[in-house]
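Peer 1: Please read through the structure below; I'll follow up with questions.
The values are calculated or read from the model by the stated rules, or taken from the named source; none is laboratory data. Note that the coordinates shown come from a computational prediction; the quantities given were computed from them, not determined experimentally. Don't worry about glycine lacking a Cβ; one is built from the backbone with ideal geometry, like all the others, and counts go over all protein chains shown. For the accessible areas, the whole protein counts, side chains as well, though only heavy atoms, and no ligand, DNA or RNA atoms are used. Shrake-Rupley method; radii C 1.70, N 1.55, O 1.52, S 1.80 Å.
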Amino acid sequence: MNFNLLLENLTNPALLFFVLGVIAVYLKSDLEIPENSSKFISLYLLFAIGFKGGQELAHEAFTIEIGWSMLFGIFIALIIPIYTFFILKRKLNVFDAGAIAAAYGSVSAVTFVTAVSYLESQQLSLHGHMVAIMALMESPAIIVGLLLISIFNKDETEVIKKSTAIKHSFTNGSVLLILGSLIIGYLASDKQAEGIKPFTNDLFKGFLAIFLLDMGVTSGRKLKAFFSFGWFPIIFAILIPLINGSIIAILSSYVTQDITNRFIFAVLAASASYIAVPAAMKISVPKANLGLFLPMALAVTFPVNITIGMPIYFLIVQNT
């Protein structure tokens with residue numbers, strides 16, 4: 001196995017900008033990305049990856065393998081929150097266990113975007129149907145998390161508004177944008193897509209680096225308070241993603257032999273949502289501690305995945 005991939009990823013400019021953001025917080029620097037700019041960049045990244053995925057999908061013929069891949073993605077999003085919930089419930093209350101399980105069963109669009117950039121550094125390109133699978137995996141975990149809380153919740157004063165949460169999980173801005181961009185990219189002809197190619201392709205890595213700088217600043221700020229929760233959330237946020245990603249990297253070989261698809265499956269299984277799930281849980285489960293599961297996903301799991309996780313998953317799919 002080529003462990004140089006690990007070192008190569010550690011010197012990736014996008015990752016180093018993330019580290020710079022964390023360092024800036026600990027140096028008490030006033031470095032920050034304006035909130036409106038950060039939101040624009042995140043929307044741009046989702047738009048670009050969705051549109052490019054739609055263009056790729058337009059050149060793909062629907063096959064049995066793609067159908068099985070979609071079912072496999074949904075299966076991952078359903079099974080991870082179930083087993084993680086019972087692990088978490090041993091140490092945490094039902095509300096926190098359900099919210100964290102939903103976050104780890106769902107996916108992180110930014111981790112997905114970073115994985116696409118990682119593939120490009122290996123001279124590999126993303127298949128369009130994986131963008132659709134990523135979007136499909138966002139909502140099932142939220143619904144499962146809410147159902148688990150509802151089943152095991154003994155506090156009758158905390159009634160979950162399931163219909164509101166389920167609707168939010170499907171109409172969440174990030175899900176809607178990436179699905180909409182995917183469809184638009186699919187419908188656009190090659191000639192039409194060429195006109196915005198400089199925006200969707202050439203600027204992508206630069207915007208990703210700036211966005212990860214912002215993620216670094218955000219993570220650095222949340223880490224300080226997070227350490228007060230003890231060792232269990234930290235160990236969980238490090239080990240569970242690596243275990244999920246490694247297992248799925250192996251199991252995905254039964255669905256597809258394509259290295260890029262298997263790598264993306266592993267990254268999706270390993271990632272944790274820190275946008276869609278917190279938004280849904282804030283509405284539906286106000287007793288869930290946002291200060292616990294948000295730093296777990298953003299300040300621990302996200303950097304673990306982009307530093308050592310991705311090279312490990314890539315090594316596994318190359319050698320199994």
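Peer 1: Please state the relative contact order of region 164-320 as a whole percent: Cα pairs under 8 Å, 6+ residues apart? Please list the in-between numbers first.
Peer 2: Details: 117 pairs, mean separation 49.6, N = 157.
Relative CO of region 164-320 lands at 32 percent.
Peer 1: Another question, if that's okay. Cα convex hull of the chain: mean projected area in nm², to one decimal?
Peer 2: Details: hull surface 64.8 nm².
Value for the chain: 16.2 nm².
Peer 1: Still on this structure, I have one more. Subtract the Cα-Cα distance of A61 and S37 from 0.36 nm times their separation in residues, and report this length gain in nm to one decimal.
Peer 2: Numbers: separation 24, 0.36 × 24 = 8.64 nm, distance 3.77 nm.
Going from the current span to full extension adds 4.9 nm.
Peer 1: What is the extension gain from I87 to I74, computed as 0.36 nm multiplied by their sequence separation minus the C-alpha to C-alpha distance, in nm to one decimal? The partial results should precede the final answer.
Peer 2: Working: separation 13, 0.36 × 13 = 4.68 nm, distance 2.11 nm.
That works out to 2.6 nm of additional length.
Peer 1: Using the structure shown, list the pairs from K39/K89; K89/K282; K28/K205; K28/K197; K197/K222; K222/K282 with a Cα-Cα distance above 29 Å, or answer none. Before the final figure, lay out the partial values.
Peer 2: Numbers: K39/K89 34 Å; K89/K282 19 Å; K28/K205 27 Å; K28/K197 39 Å; K197/K222 36 Å; K222/K282 17 Å.
Distance filter (> 29 Å) returns K39/K89; K28/K197; K197/K222.
Peer 1: Sort M70, M296 by heavy-atom solvent-accessible area, probe 1.4 angstrom, most to least.
Peer 2: Values: M70 55, M296 0 Å².
Final ranking, largest accessible area leading: M70, M296.
Peer 1: Which whole-number percent is the relative contact order of the chain (Cα, under 8 Å, 6+ apart)?
Peer 2: Values: 485 pairs, mean separation 104.4, N = 320.
Relative contact order for the chain comes out at 33 percent.
Peer 1: Give a residue-ordered list of calculated ³J(HN,Hα) values for region 188-202 (Karplus: 6.51 cos²θ - 1.76 cosθ + 1.60, θ = phi - 60°; whole Hz; x for Gly, Pro).
Peer 2: For region 188-202, the Karplus curve yields 6, 6, 4, 5, 5, 5, 4, x, 10, 4, x, 7, 7, 10, 5 Hz.
Peer 1: On the principal axes of its Cα set, how long, how wide and how thick is region 219-304? Give whole Å, largest value first.
Peer 2: Largest to smallest, the principal-axis extents are 42, 27, 19 Å.
Peer 1: In nm, give the distance between the simple-model label positions of I247 and F232, each being 7 Å from the Cα along the Cα-to-Cβ direction.
Peer 2: 2.0 nm
Peer 1: Here's something else I'd like to know. Checking understanding here: applying a Kyte-Doolittle mean of at least 0.5 and a length along the axis of at least 15 Å (C-alpha), which whole DSSP H helices in the chain pass? Don't skip to the end; give the middle numbers.
Peer 2: Numbers: long enough: 13-26 (20 Å, 2.46); 35-58 (35 Å, 0.40); 64-88 (36 Å, 2.11); 94-105 (16 Å, 1.24); 109-121 (18 Å, 1.15); 138-152 (23 Å, 2.07); 173-187 (21 Å, 2.17); 204-226 (33 Å, 0.79); 231-251 (30 Å, 2.28); 259-270 (16 Å, 1.61).
Passing helices, by number: 13-26, 64-88, 94-105, 109-121, 138-152, 173-187, 204-226, 231-251, 259-270.
Peer 1: Another question about this same structure. Can you grab the distance from the C-alpha centre of region 280-309 to the C-alpha centre of region 70-97, Å, no decimals?
Peer 2: When both Cα centres are located, 14 Å separates them.
Peer 1: Here's a follow-up. May I ask you to give the solvent-accessible area per residue for region 179-320, in square angstrom, as obtained with a 1.4 angstrom probe?
Peer 2: Values: 5660 Å² over 142 residues.
Spelled out: the 1.4 Å probe surface of region 179-320, per residue, equals 40 Å².
Peer 1: In whole Hz and in residue order, list the ³J(HN,Hα) couplings for region 303-308 that follow from phi through the Karplus curve 6.51 cos²θ - 1.76 cosθ + 1.60, θ = phi - 60°; x for Gly and Pro.
Peer 2: Result, rounded to whole Hz: x, 4, 5, 7, 9, 9.
Peer 1: What part of the accessible area of the chain, given as a whole %, is carbon or sulfur when the probe is 1.4 angstrom? Don't skip to the answer; put the middle values down first.
Peer 2: Numbers: 9540 of 14190 Å².
Summing carbon and sulfur atoms, their accessible area is 67 percent of the total for the chain.
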